[in-house]
Structure formats: C-alpha cells, structure tokens
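Structure first, commentary second.
The values are calculated or read from the model by the stated rules, or taken from the named source; none is laboratory data. Here the structure is a predicted model, which is why all the values come from computation and not from measurement. Virtual Cβ from ideal backbone geometry, glycine too; neighbours counted across all protein chains shown. Only protein heavy atoms, including side chains, enter the accessible area calculation; ligands, DNA and RNA are left aside. Shrake-Rupley method; radii C 1.70, N 1.55, O 1.52, S 1.80 Å.
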Amino acid sequence: MRTSDAQSPRFALTLSFQDIGLEEYAKGASSKISEAILDKDDFDQRMSELSRKAGAMSGDGLRVALILPNEQIKFVSVVCPDDADPITINEHILRTLDGATPYSMDELRFDHHLAHGTLHVAAVALETLDEAEQFAKQYGFSPLACIARTDADTFPAEVFFGLSDAP
C-alpha cells in the first residue's frame, strides 16, 4: 500500500459477497486471522469478534486496509508507450474508461500501472468506496485505505484506490 510505514495498517478486511475476512497485513503480504460468513445468523456477533480480536492484537486502534472484491472493479488494459508523459497517460485512461462503466468519470476513482507498453487501469465507483468504509466503521474499524488484489496479468501490482475519507 502506498502509505508511510507509520500509516500502514496492521490489519486488512477482505470484503466479498460471501464473507468478511480479517487478515494481518504487512507490506502486501497477509495471513488470515478469522472470518464472518455473510448469510449466517451470527454475522453481527462474528464481526464484533473480529473487531475484538484486532483490538486485542493491536495497540494502535483498529486501522485497516479494505480489500475490495474484484467483482466491484472494472479492469481494462490498453496499449500505451512506456515513455508516455502523465498527460498522455491520463488521456488514455479517460478514453479507456469513457463508457466502460455506468458511471461518469467524476463518480470513479482509479489506479493505473504502465509496464511493457501496456497501461493497466482499475476503476471503482466512489459509492462502492463509501459503502465499504461505512461498513467497516459500523463494526468499529477505522478504514485507512481501499485496495484490491488480482493476478499480474489483470493488474501487475496491488491496486491502490487512495486513502480513506475517514479520520
């Protein structure tokens, strides 16, 4: 994640349509601690347990990275010269995303990675980021940033959608 080590969270919440996982998070690597299954009757109780576990393990609060489900992200790739300047890269991104989602550009946040003549773009709706942050806060977590993980062909690095709006 693109934050200083002092700001890097110790935990990540992996969000999916099946479950919510709590992971110990360190420089992109992680190890699962526990999870809460969404369609189980004890979901709220399990989420409270995840929060308590993280609180017991950490002295710096419940700061987390939110790992978004890839199904909520639009991944596209386009040919782009490796030596392209930032304006050219931005133009490629705007052209690539225009009409690729049901959202206007001002309703999206995106990350990009340029390597070997391919511009990889990942875009997510701002409302998705807001919903993820609100969900985490509802269970006592303090979201620091939203990220995504995928395979190297789809996006060759950890996707970083920026720092959270949460304090």
Taking all protein chains in place and a 1.4 Å probe, what share, in percent, of the accessible surface of the chain do carbon and sulfur account for?
50
Using label points projected 7 Å from each Cα along Cα→Cβ, tell me how many nm separate Arg149 and Gln134, to one decimal.
2.7
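Determine, from the Cβ-Cβ distance of Leu38 and Asp83 and an R0 of 41 Å, the FRET efficiency 1/(1 + (r/R0)^6), rounded to the nearest 0.05. Don't skip to the end; give the middle numbers.
Values: r = 46 Å, r/R0 = 1.11.
Efficiency for this residue pair is about 0.35.
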Could you pull the Rg and Dmax for segment 52-112, using just the Cα atoms, both in Å?
17.6, 49
To the nearest 10 degrees, how steeply does helix 126-138 sit against the main Cα axis of the chain, on a 0 to 90 scale?
10
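Per residue, how much accessible area does segment 11-167 have with a 1.4 Å probe, in Å²?
Values: 8010 Å² over 157 residues.
Per-residue value: 51 Å².
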Arg52 versus Glu107: modelled label distance in nm, points set 7 Å from Cα along the beta carbon direction:
4.1
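Keeping every protein chain in place, order Leu38, Leu97 by accessible area at 1.4 Å, biggest value first, i.e. largest first. The partial results should precede the final answer.
Numbers: Leu38 65, Leu97 0 Å².
Order by accessible area, largest first: Leu38, Leu97.
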Quick one: order Arg52, Arg63 from most to least accessible surface, probe 1.4 Å.
Arg52, Arg63
Enumerate the whole-percent occupancy of each 5 Å bin, from 0 to the last occupied one, for all C-alpha pair distances of segment 57-167.
2, 11, 22, 20, 18, 12, 7, 4, 2, 0
Rank these residues by their accessible area, most exposed first, probe 1.4 Å: Phe161, Phe75, Phe43.
Phe75, Phe43, Phe161
Using the alpha-carbon atoms, what tilt in degrees (0 to 90, nearest 10) does helix 43-57 show relative to the longest principal axis of the chain?
90
In degrees rounded to 10, the 0-90 angle between helix 86-97 Cα long axis and the longest Cα principal axis of the chain is 70
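What does the helix-only formula give at 222 nm for the chain: each DSSP H stretch with n ≥ 4 adding -39500 (n - 2.57), the total divided by the residues, and the result rounded to the nearest 500 deg cm²/dmol? Intermediate results must be reported in sequence, preceding the final value.
Working: 3 runs with 40 residues, N = 167.
Mean residue ellipticity at 222 nm (helix-derived): -7500 deg cm²/dmol.
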